[in-house]
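Beneath this line is the structure, given in structure tokens, with notes to follow.
The values are calculated or read from the model by the stated rules, or taken from the named source; none is laboratory data. All of these numbers come straight from a predicted model, not from anything done at the bench. Quick reminder, even Gly has a Cβ in these numbers, built from the backbone with ideal geometry, and neighbours come from all protein chains shown.
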Amino acid sequence: MKAVTVIIGHPAAESFCAVLAHSYAQGARDAGAEARVVDLRSMRFDPVLWEGYRRTQELEPDLKAAQEDILWSRHLVFAFPIWWGTPPGLLKGFIDRVFHPSFAFKYDGPRALFQRKLLGGRSGRILCTLDSPPLYYRFVMGAPGLRMMKRSVLGFCGVRPVRSTLVGSVKLADEAKRRRWIDQLRRLGEKEARRP
């Protein structure tokens, strides 16, 4: 049975992004996987890494629980909106605090050039909602948030392969289109839960 952790990085109380994330998780469950949802909005933690990585900043209980969910999983899904081309600050703060050295990666000595990737053996999915059309985001803006998550975060820590789904334009979508997207994410969750 595949273990899936879905991390929702939208700070709003109600968001279409969260609806899609829950639909994905339900699809994974329908396929027989166990799926956990980590909703950053409901967590209590300081998103600021005050001293960088020079000193250890004690993790709050919610962040420790999120790390346990990440280590438990074999497939990680990050669902978030694209704001100013990148993920919201809440998700960035979560990554700064949770994906620290010795959890997600490790350098063997102060002069080491390359890191050990501590989250290997996991696949990933990035689910982004956008107000702009996905093709505009990819080819005109260069998809900076998608590249950051895929290469600089997940790839850096050993998560691979990492696939992506861009949903948009959300603000122009009618109810029928939104329902199709919800069903599409449920089917994608089922498919990826069955993937070895």
Tally of residues being among the acidic types (Asp, Glu), part of a helix (DSSP H, G or I) and within 17 Å of the chain's Cα centre (by Cα) across the stretch 20-71: 3
Subset of the stretch 143-194 [closer than 25 Å to TRP84 by Cα, free of Cβ contacts under 8 Å to residues at least 24 places away in the same chain and of a type outside the set (A, V, I, L, M)]: ARG147, ARG151, SER152, GLY155, ASP174, LYS177
Selection status of GLY155, surrounded by 16 or more Cβ atoms within 10 Å (Cβ to Cβ) and within 23 Å of LYS106 (Cα to Cα): yes
Residues located in the stretch 95-127, provided they are among the hydrophobic types (A, V, I, L, M, F, W, C) and in contact with a Gly (Cβ under 7 Å, 6 or more places away or on another chain): LEU118, LEU119
Every residue from the stretch 70-87 that is out of contact with any helix residue (DSSP H, G or I) (no Cβ under 9 Å at 6 or more places or on another chain) and either at pLDDT below 95 or buried (at least 17 other Cβ atoms within 10 Å of the Cβ) (or both): SER73
